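J.: Here it is, the structure, as structure tokens.
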């Protein structure tokens, strides 16, 4: 098959503007003639600036985007030119490493912006296709919102896996040549045998930043071909009056795939599930008579007789190799490897990745003006940073010397106990620190109180930090904190070189310290008359475990409505631990935590039901106990609607 199958779809649709495709890649040259008339929007991320004509990742991002969005009559004929596009830059020309955390941020941003499909022409090589919790949760968020991720299988030429391509529900894409044979560099592996497709990936025509076109090879460029086809199928669903269903389109692509023949390869596993079969996908989705085909030739993005141009070479030696997420060009001699890699030490001038608007407001403005801002309600532990050696040394000189017996040693600004004492004596110095919210020792946000209540908010941060350094057995020990805030659109570069988004708490409201020992003791007091001393320690242990599980099960970035509801419910459940004490006192343990959109809500609100289900591990026939919180997250500080509801269920 040549371009006939695409031409057949193009007679029906060039893509619907109702279908939104997010491209997580390098910067795109929006001034290129092929994008003239395209509906493309770049969202603010940790990668800033404009596409560099000499940048490897600008070339990569521009080329990938043109395969999808290149306009009719332009030098590159894209596959779905009338679809809406979102550019979410994640790969920088500097060749720095991209962490799974920041990729997860970008995926969540795409979902929040309304993407139906997310194109990721990159990934990180892993042993078993495993991913960090951040990335797993963002992929799960896509499944819950019926968003399709299409990701490159990688160009290592081995039975090995990349994430996110290897994660469940993702559509992985390998590369085949113009004869329909798997290309040597294209990865294969166990997960790909169930969720991977081969698409044309050799000498694919695309745009170059600064003007002109080039041909590149790799799974990176097979991926947007598959994304474009999926977008056309979704557009046809809309045209037929159906609700666009990305997961159904994914099923159609996989279940209609054509298997390789012995002439294609002696190792069938290299073919993944099979080859992209556009007529078969159409038949699966819409029925009707579709002529069968046994082979698929290369589908190029141009498809209109453009002159073949020699591939552009990018010297891999110019970019440092890293063990991080990389874009997925080929190492084939026809197109040298484009090392798409990003380091965590990115310049501090980069705007926030998770912002949904370019400007954010302070607490001095009306709540209605805050309505369009990106709210955050995150859980973690407090930390602090200095940003530079000079600032660290200034603290070291200003802090009093530390005495250990008869020995006096210089102050250590990294010692949280010394810092707490210093801030207690000099509260204004709190503003000179870079406060951070950490999850599992990883800073995920910088915190900068703003507005009329900034001074009070800094005081709360000091109190929470003082609580964190208490003995774990102390009633005042703060195990973790809950921080509400607004993403400012700015970032902060930490001393390590890591760049994190900056959130601004507007006032102390909603900032909580989780004092496990105090709350567990209060919970025990509510059932003290019904339990003996022998049970008290078991209750304390079980309640402590329950509260910890809430935190670890719900760990997230706190930016989406769903995650903000989860985090607030966790905080609320923590504060209301006595509510569950009776269930725990009778031997019940936490079974599951579920969240779903609430069917009941106030006008112009955003409400979610969070259900905590308890079970008896020693008696499976005993009814389960369910507690439900209804959370409204439409304001900066989420709020619980009504009382906590509880009932028993046999299921």
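Rundown of residues vs (1) assigned to a helix (DSSP H, G or I); (2) more than 16 Å from residue 386 (Cα to Cα), yes/no style:
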| site | (1), (2) |
| --- | --- |
| 408 | no, yes |
| 419 | yes, no |
| 423 | yes, no |
| 430 | yes, no |
| 435 | no, no |
| 443 | no, no |
| 446 | no, no |
| 452 | no, yes |
| 455 | yes, yes |
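J.: Quick check on segment 250-261. Is at least one of its residues over 17 Å from residue 279 (Cα atoms) and not in a strand (DSSP E or B)?
T.: Pass one, segment 250-261, residues over 17 Å from residue 279 (Cα atoms): 261.
Going one step further and asking which of them are not in a strand (DSSP E or B), we end up with 261.
Within segment 250-261, one or more residues are over 17 Å from residue 279 (Cα atoms) and not in a strand (DSSP E or B).
J.: Let me ask you something else. Kindly list the number of the only condition in (1) over 22 Å from residue 156 (Cβ atoms); (2) crowded, with 20+ Cβ neighbours inside 10 Å; (3) within 30 Å of the chain's Cα centre (by Cα) that fails for residue 258.
T.: All conditions pass for residue 258, except number (3).
J.: Can you confirm whether segment 217-224 contains a residue that is in contact with a strand residue (DSSP E or B) (Cβ under 8 Å, 6 or more places away or on another chain), assigned by TED's automatic domain parsing to the domain that holds residue 124 and either in a strand (DSSP E or B) or surrounded by fewer than 24 Cβ atoms within 10 Å (Cβ to Cβ) (or both)? Explain how you work it out, then say what you get.
T.: Applying the first criterion (in contact with a strand residue (DSSP E or B) (Cβ under 8 Å, 6 or more places away or on another chain)) to segment 217-224 yields 217-224.
The next check asks that each one be assigned by TED's automatic domain parsing to the domain that holds residue 124; those that pass are 217-224.
Imposing the further condition that a residue be either in a strand (DSSP E or B) or surrounded by fewer than 24 Cβ atoms within 10 Å (Cβ to Cβ) (or both) reduces the set to none.
No; the residues of segment 217-224 include none that is in contact with a strand residue (DSSP E or B) (Cβ under 8 Å, 6 or more places away or on another chain), assigned by TED's automatic domain parsing to the domain that holds residue 124 and either in a strand (DSSP E or B) or surrounded by fewer than 24 Cβ atoms within 10 Å (Cβ to Cβ) (or both).
J.: Check off (1) in contact (Cβ under 8 Å) with a residue 60 or more places away in the chain; (2) in contact with a helix residue (DSSP H, G or I) (Cβ under 9 Å, 6 or more places away or on another chain); (3) in the same structural domain as residue 392 (by TED's automatic domain parsing); (4) surrounded by fewer than 21 Cβ atoms within 10 Å (Cβ to Cβ) for residue 481 and give me the number that stays unchecked.
T.: (4)
J.: Testing residue 123 on (1) touching a strand residue (DSSP E or B) at 6+ places or on another chain (Cβ under 7 Å); (2) in a loop (DSSP other than H, G, I, E, B); (3) within 20 Å of residue 169 (Cα to Cα), one condition comes back false. Which one is that?
T.: Against the list (1) touching a strand residue (DSSP E or B) at 6+ places or on another chain (Cβ under 7 Å); (2) in a loop (DSSP other than H, G, I, E, B); (3) within 20 Å of residue 169 (Cα to Cα), residue 123 comes up short only on (2).
J.: Condition check: in contact (Cβ under 8 Å) with a residue 24 or more places away in the chain, in the same structural domain as residue 102 (by TED's automatic domain parsing) and outside any helix (DSSP H, G or I). Does residue 13 satisfy that?
T.: Working: in contact (Cβ under 8 Å) with a residue 24 or more places away in the chain: yes; in the same structural domain as residue 102 (by TED's automatic domain parsing): yes; outside any helix (DSSP H, G or I): yes.
So residue 13 fits the description; yes.
J.: Quick check, is residue 472 touching a helix residue (DSSP H, G or I) at 6+ places or on another chain (Cβ under 6 Å) and not in a helix (DSSP H, G or I)? I'd like the intermediate steps shown before the answer.
T.: Values: touching a helix residue (DSSP H, G or I) at 6+ places or on another chain (Cβ under 6 Å): no; not in a helix (DSSP H, G or I): yes.
Spelling it out, it is not the case that residue 472 is touching a helix residue (DSSP H, G or I) at 6+ places or on another chain (Cβ under 6 Å) and not in a helix (DSSP H, G or I).
J.: So residue 18 clears everything in (1) farther than 15 Å from residue 115 by Cα; (2) out of contact with any strand residue (DSSP E or B) (no Cβ under 7 Å at 6 or more places or on another chain) except one condition, right? Which one?
T.: The one condition residue 18 does not meet is (1).
Conditions tested, residue by residue: (1) surrounded by fewer than 21 Cβ atoms within 10 Å (Cβ to Cβ); (2) over 21 Å from residue 105 (Cα atoms); (3) outside the structural domain of residue 48 (by TED's automatic domain parsing); (4) touching a residue at least 12 places away in the same chain (Cβ under 8 Å).
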site	(1), (2), (3), (4)
445	no, no, yes, yes
470	yes, yes, yes, no
485	no, no, yes, yes
488	no, no, yes, yes
495	yes, yes, yes, yes
500	no, no, yes, yes
506	no, yes, yes, yes
509	yes, yes, yes, yes
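J.: Now for a different question. In segment 196-210, is there at least one residue being in contact with a strand residue (DSSP E or B) (Cβ under 6 Å, 6 or more places away or on another chain), crowded, with 24+ Cβ neighbours inside 10 Å and part of a helix (DSSP H, G or I)?
T.: No, there is no match, as no residue in segment 196-210 is in contact with a strand residue (DSSP E or B) (Cβ under 6 Å, 6 or more places away or on another chain), crowded, with 24+ Cβ neighbours inside 10 Å and part of a helix (DSSP H, G or I).
J.: Still on this structure, please answer the following. For the structure I just gave you, tell me whether residue 53 is surrounded by fewer than 21 Cβ atoms within 10 Å (Cβ to Cβ) and more than 19 Å from residue 118 (Cβ to Cβ).
T.: Working: surrounded by fewer than 21 Cβ atoms within 10 Å (Cβ to Cβ): yes; more than 19 Å from residue 118 (Cβ to Cβ): yes.
Taking the combined requirement at face value, the residue satisfies it.
J.: Return the pair list, or none, for Cβ contacts closer than 6 Å from residues in segment 612-635 that are more than 18 Å from residue 595 (Cα to Cα) and in the same structural domain as residue 589 (by TED's automatic domain parsing) to residues that are buried (at least 19 other Cβ atoms within 10 Å of the Cβ) and modelled with pLDDT under 90, at least 6 apart or on different chains.
T.: Going by the 6 Å Cβ cut-off, the qualifying pairs are 616/588.
J.: Does residue 85 satisfy being over 17 Å from the mean Cα position of the chain (by Cα), in a strand (DSSP E or B) and in the same structural domain as residue 233 (by TED's automatic domain parsing)? Explain how you work it out, then say what you get.
T.: Values: over 17 Å from the mean Cα position of the chain (by Cα): yes; in a strand (DSSP E or B): yes; in the same structural domain as residue 233 (by TED's automatic domain parsing): yes.
Judged against the criteria, residue 85 is a match.
The values are calculated or read from the model by the stated rules, or taken from the named source; none is laboratory data. Because the structure is predicted, anything quoted here is derived from the model rather than measured. Every residue, glycine as well, gets a Cβ built from its backbone with ideal geometry; the counts of neighbours run over all protein chains shown.
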